[in-house]
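Here's the structure we're looking at; comments come further down.
The values are calculated or read from the model by the stated rules, or taken from the named source; none is laboratory data. All of these numbers come straight from a predicted model, not from anything done at the bench. Cβ atoms come from the backbone with ideal geometry, glycine included; neighbour counts cover every protein chain shown.
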Amino acid sequence: MHNKRKALISGVLTSALILSLVTGASTVSAAGKYEGKTITANFMASGTYDKAALEVKAKYEAEFGGKVEIVAKPFDQLVQANLTDLAAGTGQYDVISVTSWEADVYDKLLPLDAYIARDNYGTGAGFIPGLLRANQGTEYFGGKPVGVPYGIDGYAMLVRSDLLAKAGVSANWKTWADFFKDMDKLDLTLPFGVDPFVFAYGAVEQVPAIWLSDYDSYLLKKNGTYGVEKAKMVRALNVVKKSLNYAPANAKALGIDEANQVFLNGNAAVIMGWPSFIRASADNPAKSKVVGKWALSSIPGKGTTWLSAWNLGIAKTSKNPDAAWDFIKMYINEKNGTDWMQRIGIGSPFLNTFTGPSAAANTHDYPQHAKNLGNVKNAPWSFSAFLDVYSRGTGDFLAGKKTATQTVDAWDKQLGKKKPAAGMVEAAKLSGQMQR
Amino acid sequence: MNKLLHKKNSPKRSTNLFQHERKWVNLFLLPAIIFILLIQAGPLLYSFYISFQDWVFISSSTPQGFIGLTNFQNAFSDPAFVESIQFTVFLTVFTVPLQLLFGTFLAFMASGRSPFLQVSRALLVLPMVVAPVAIGTLWRLMFNDTAGPINNHLLSFFNISGPLWLGDPFWAKIAIVIIEIWQWTPFVFIVISSAITLVSQELLQAAQVDGASRWQIFYKIELPLLAPAFFLVILFRTLESLLTLDSILSLTRGGPGSSTVNLTYSIYNKGLREFDLGTASAQSWMFMSVATVLIFLIFRFNMRMEKKI
């Protein structure tokens, strides 16, 4: 008996020792995995993505021992810094916040297919089906993903359900002609001081969202140069001009925040905008007069619903790609996606956000949002072609300096001979935006 | 007498000494001259070289070969570049004379020694020391056509319906002109104020005794004596006005459309957003050549004025 007890005690002690050694060893191995290594990750200074990054930084440093330097810059500066860094190969950043605007330098990003396959991080991670398609949520180069989506949004209509119901209008517009017909109807029943429609026409880089939604043709020609189908683009530009008739008198001067405020103040029945910039305020009684009165809808037209997709990628120049990949995985996952969408406002790329428990409290928003995200696309434009030609040209058109035809001719003159980078051409081909 | 002789001879002696040591002086100056050449002339010459090269940085990290005058031709065939020249001229022609007028007026109004005037002078300088980005943001709020104080309080007080300041191409240009005048009139004010203090009071009093009116004193005495200060102000403000970027970037970002894109902004776009370094360099050299001619003309004008005076 004495011996049995002795054997039992020594057995328990031995097991405990082995267990503690194994646990201790695994803890040491995780904690020290990137000890002494530093990675630099950049994000847009938006108070959302960068805020989330700081949360992940603390967790990552505690778990892996390595250091993470978070660099946050405003959108313009971030894209410019990324383009310069990647093109020059200076290697300032390991983890890079990539959007379609960096397509010129996709070839300077590390293909992530091997990491994704190794960690079953593709469909297994729970992304919205379709979001991992090339140029429709995920950035690709040479047939391989070079980014993983973390902040997703698609242009949408947010409507005042109460006002639309009163006018007998249903927010289910297939074409802009249907939309305008309903706006005429709505205009007759709206109270004084409320306009049928609002959009940030003053933010000229946003206006292409309207004509893209109507324009159902190519954005790159067969020979790989920029180009559009003139008649369809002229029609689409005229849709932009017509939509102004339903907007407030000062609509041409409204920036994104100002247009959103018009809707939040209850002064417009419909807004076309980025839901992630509006939904949190719209549901907050301290910031909105439309709480419980709004719902999400889709934008009309046979063209493209414009996508905003932030991806995280790894620069080929990174000296610590494994550490960078572990940071990406820690940043982009189902739990963070749902939590951040509710708490910070970042558009989640995960299906669970829209079907799980959080969706029940957001039936006016989440189901339609998930549906909209299944039908979104980037436009295959370089940053400069977009900002300095298409956006500015649209601005000149809205300001009355050029007709729709002159605008399209000017675009052709400015960009007609320019060939976008290989990454851009590939993206356009994959998403059906290249002339056949 | 000896002292006088000594005084008379000393410059000659120092000149001789300088000539004797010239070799060494030049040698000691050489590193500084080389440094300045490397810092200033080096990049300039490199950009001159690039202006004849095919180089889009995003496609290649090195120039892709000599293409003659193509970059210069591209610049002139680009309607956006031509429009930017027009706006640059508009901005300079409207802002510099008005800054000169207001700055001079304020300098005369605020000249004096009373504590009130001293405080006024300090306050008048403030716009010049505010950060340009803050100025852009501040004026963006002021120009807001629905909530901004300019339309809502100032113009509505006179029953005037204010324009869409930043949404209308014409008024956006005027908005930039207003900001530039507001921000840089204090520079003119400081320079002219300093020059006024140097005008001899005895001369002014003598003119008064001779029966000259205030206007005659200003026009016939003060204005000619202030000519060097005006020259300085015109030179600086013309150059600065040609180089304006911060107020445009922070207020309109060149919009609406391309209405407020000036030359500097256009070159910035070409070089740092399109990364077309060849065309951007060509545009920069054209800009620099015109600016140099302008400076030369201002100097010539000043010399003529000095001769007249």
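Identify all residues within the range B:255-281 that are within 17 Å of B:Ile178 (Cβ to Cβ) and within 11 Å of chain A (Cβ to nearest Cβ); write none if there are none.
B:Gly255, B:Pro256, B:Ser259, B:Thr260
Looking at the range A:404-421, can you tell me whether even one residue there is of a type outside the set (A, V, I, L, M), crowded, with 20+ Cβ neighbours inside 10 Å, within 27 Å of A:Phe199 (Cα to Cα) and in contact (Cβ under 8 Å) with a residue 40 or more places away in the chain?
Yes - at least one qualifying residue is present in the range A:404-421.
When the range B:43-78 is examined, which residues are found to be of a type in the set (Val, Ile, Thr) and within 14 Å of chain A (Cβ to nearest Cβ)?
Of all residues in the range B:43-78, those of a type in the set (Val, Ile, Thr) come to B:50, B:56, B:58, B:62, B:67, B:70.
Passing the criteria: B:Val56, B:Ile58, B:Thr62, B:Ile67, B:Thr70.
Limited to the range B:85-104, what total is found for residues that are closer than 12 Å to B:Ile196 by Cβ and either among the acidic types (Asp, Glu) or out of contact with any Phe, Trp or Tyr (no Cβ under 6 Å at 6 or more places or on another chain) (or both)? Lay out the reasoning, then the answer.
Taking the range B:85-104 first, the residues closer than 12 Å to B:Ile196 by Cβ are B:103-104.
Then drop every residue that is not either among the acidic types (Asp, Glu) or out of contact with any Phe, Trp or Tyr (no Cβ under 6 Å at 6 or more places or on another chain) (or both), which leaves B:104.
Qualifying residue count, the range B:85-104: 1.
Quick one: in the range A:373-395, which of the residues that are polar (S, T, N, Q) and in contact (Cβ under 8 Å) with a residue 40 or more places away in the chain is farthest from the other protein chains (Cβ to nearest Cβ)? Don't jump to the end; show me each part of the working.
Of all residues in the range A:373-395, those polar (S, T, N, Q) come to A:375, A:378, A:382, A:384, A:391, A:394.
Narrowing the set further to residues that are in contact (Cβ under 8 Å) with a residue 40 or more places away in the chain leaves A:375, A:378, A:382, A:391, A:394.
Working: A:Asn375: 30, A:Asn378: 18, A:Ser382: 8, A:Ser391: 9, A:Thr394: 8 Å.
Among them, the one singled out is A:Asn375.
Which residues, counting only those in the range B:79-119, are without any contact (Cβ under 8 Å) to a residue 24 or more places away in the chain and within 14 Å of chain A (Cβ to nearest Cβ)?
B:Pro79, B:Val82, B:Gln86
Here are B:Leu251, B:Leu243, B:Leu223, B:Leu235: which of them is more than 21 Å from the chain's Cα centre (by Cα) and hydrophobic (A, V, I, L, M, F, W, C)? Talk me through it step by step, then tell me what you get.
Working: B:Leu251 fails: more than 21 Å from the chain's Cα centre (by Cα); B:Leu243 fails: more than 21 Å from the chain's Cα centre (by Cα); B:Leu235 fails: more than 21 Å from the chain's Cα centre (by Cα).
Selected residue: B:Leu223, the only one of B:Leu251, B:Leu243, B:Leu223, B:Leu235 that is more than 21 Å from the chain's Cα centre (by Cα) and hydrophobic (A, V, I, L, M, F, W, C).
Among the numbered conditions (1) crowded, with 19+ Cβ neighbours inside 10 Å; (2) closer than 20 Å to A:Glu69 by Cβ; (3) within 14 Å of chain B (Cβ to nearest Cβ), tell me where A:Gly89 comes up short.
Unmet for A:Gly89, out of (1) crowded, with 19+ Cβ neighbours inside 10 Å; (2) closer than 20 Å to A:Glu69 by Cβ; (3) within 14 Å of chain B (Cβ to nearest Cβ): (1).
Among the numbered conditions (1) farther than 26 Å from B:Leu242 by Cα; (2) within 14 Å of another protein chain (Cβ to nearest Cβ); (3) part of a helix (DSSP H, G or I), tell me where B:Ala147 comes up short.
Exception for B:Ala147: condition (3).
Tally up the residues in the range A:87-114 that are closer than 24 Å to A:Lys377 by Cα and assigned to a helix (DSSP H, G or I), please.
Total satisfying the criteria: 10.
Quick check on the range A:114-124. Is at least one of its residues at pLDDT below 90, in contact with a strand residue (DSSP E or B) (Cβ under 9 Å, 6 or more places away or on another chain), within 14 Å of chain B (Cβ to nearest Cβ) and surrounded by fewer than 22 Cβ atoms within 10 Å (Cβ to Cβ)?
Scanning the range A:114-124, I find no residue that is at pLDDT below 90, in contact with a strand residue (DSSP E or B) (Cβ under 9 Å, 6 or more places away or on another chain), within 14 Å of chain B (Cβ to nearest Cβ) and surrounded by fewer than 22 Cβ atoms within 10 Å (Cβ to Cβ), so the answer is no.
Among the residues of the range A:236-295, which ones are away from chain B (no Cβ under 14 Å) and more than 26 Å from the chain's Cα centre (by Cα)?
A:Asn238, A:Lys242, A:Asn245, A:Tyr246, A:Gly266, A:Pro285, A:Ala286, A:Lys289
Out of (1) within 24 Å of the chain's Cα centre (by Cα); (2) part of a helix (DSSP H, G or I); (3) in contact (Cβ under 8 Å) with a residue 60 or more places away in the chain; (4) buried (at least 19 other Cβ atoms within 10 Å of the Cβ), the odd one out for A:Leu163 is which?
(1)
If B:Gly278 passes every condition in (1) in contact with a Gly (Cβ under 8 Å, 6 or more places away or on another chain); (2) in a helix (DSSP H, G or I) but one, which one does it miss?
It fails just one condition, (1).
Inspect the range A:142-154 for any residue being in a loop (DSSP other than H, G, I, E, B), without any contact (Cβ under 8 Å) to a residue 40 or more places away in the chain and touching a helix residue (DSSP H, G or I) at 6+ places or on another chain (Cβ under 7 Å) and give the result as yes or no.
no
Can B:Ala32 be described as surrounded by 14 or more Cβ atoms within 10 Å (Cβ to Cβ), within 31 Å of the chain's Cα centre (by Cα), farther than 30 Å from B:Lys270 by Cβ and away from every other protein chain (no Cβ under 14 Å)?
So B:Ala32 fails the test.
Filter the range A:396-436 for residues that are within 11 Å of chain B (Cβ to nearest Cβ), over 30 Å from A:Leu109 (Cβ atoms) and part of a helix (DSSP H, G or I) and give the result.
Passing the criteria: A:Asp396, A:Phe397, A:Leu398, A:Gln406, A:Thr407, A:Asp409, A:Ala410, A:Lys413.
Just the residues that are crowded, with 16+ Cβ neighbours inside 10 Å and modelled with pLDDT of 95 or more, please, taken from the range A:242-258.
A:Ser243, A:Leu244, A:Tyr246, A:Ala247
I need the full set of residues from the range B:199-217 which are touching a helix residue (DSSP H, G or I) at 6+ places or on another chain (Cβ under 8 Å) and part of a helix (DSSP H, G or I), in order please.
B:Leu203, B:Leu204, B:Ala207, B:Gln208, B:Gln216, B:Ile217
For the range A:260-285, name all the residues that are hydrophobic (A, V, I, L, M, F, W, C) and at pLDDT below 95. If you could, list the steps in order and put the result at the bottom.
Quick first cut of the range A:260-285, residues hydrophobic (A, V, I, L, M, F, W, C) only: A:262-264, A:268-272, A:274, A:277-278, A:280, A:282.
If the condition is that a residue be hydrophobic (A, V, I, L, M, F, W, C) and at pLDDT below 95, then A:Trp274, A:Phe277, A:Ile278, A:Ala280, A:Ala282 are the ones that fit.
With within 14 Å of chain A (Cβ to nearest Cβ) and not in a loop (DSSP other than H, G, I, E, B) as the only criterion, which of B:Leu239, B:Leu249 stands out?
Working: B:Leu239 fails: within 14 Å of chain A (Cβ to nearest Cβ).
None of the other options fit; the residue is B:Leu249.
Could you check how many residues of the range B:42-63 are under 17 Å from A:Lys418 (Cα atoms) and either within 26 Å of the chain's Cα centre (by Cα) or at pLDDT 90 or above (or both)?
Going through the range B:42-63 one residue at a time, the tally reaches 3.
When you scan the range B:219-237, do you find a residue that is among the acidic types (Asp, Glu), in contact (Cβ under 8 Å) with a residue 60 or more places away in the chain and closer than 30 Å to B:Asn302 by Cα, even just one?
Checked the range B:219-237: no residue is among the acidic types (Asp, Glu), in contact (Cβ under 8 Å) with a residue 60 or more places away in the chain and closer than 30 Å to B:Asn302 by Cα.
Is it true that some residue in the range A:267-281 is surrounded by fewer than 21 Cβ atoms within 10 Å (Cβ to Cβ) and within 14 Å of A:Phe197 (Cβ to Cβ)?
Yes, the range A:267-281 has at least one match.
Rundown of residues vs (1) within 14 Å of chain B (Cβ to nearest Cβ); (2) farther than 27 Å from A:Thr305 by Cβ, yes/no style:
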position	(1), (2)
A:Ala81	yes, yes
A:Val95	no, yes
A:Trp101	yes, no
A:Pro129	no, no
A:Glu139	no, no
A:Pro145	no, no
A:Ile152	no, no
A:Ser161	no, no
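Just wondering, is there one or more residues in the range A:181-201 that are within 14 Å of chain B (Cβ to nearest Cβ), of a type in the set (D, E, K, R), touching a Gly at 6+ places or on another chain (Cβ under 9 Å) and buried (at least 17 other Cβ atoms within 10 Å of the Cβ)?
Looking through the range A:181-201, none of the residues is within 14 Å of chain B (Cβ to nearest Cβ), of a type in the set (D, E, K, R), touching a Gly at 6+ places or on another chain (Cβ under 9 Å) and buried (at least 17 other Cβ atoms within 10 Å of the Cβ).
List every residue pair whose Cβ atoms sit under 6 Å apart, with the two residues 6 or more apart in sequence or on different chains, where the first one lies in the range B:34-61 and is closer than 30 Å to A:Ser382 by Cα and the second, anywhere, is exposed (fewer than 11 other Cβ atoms within 10 Å of the Cβ) and of a type outside the set (A, V, I, L, M, F, W, C).
Filtered contacts from the range B:34-61: B:Asp54/B:Gly65.
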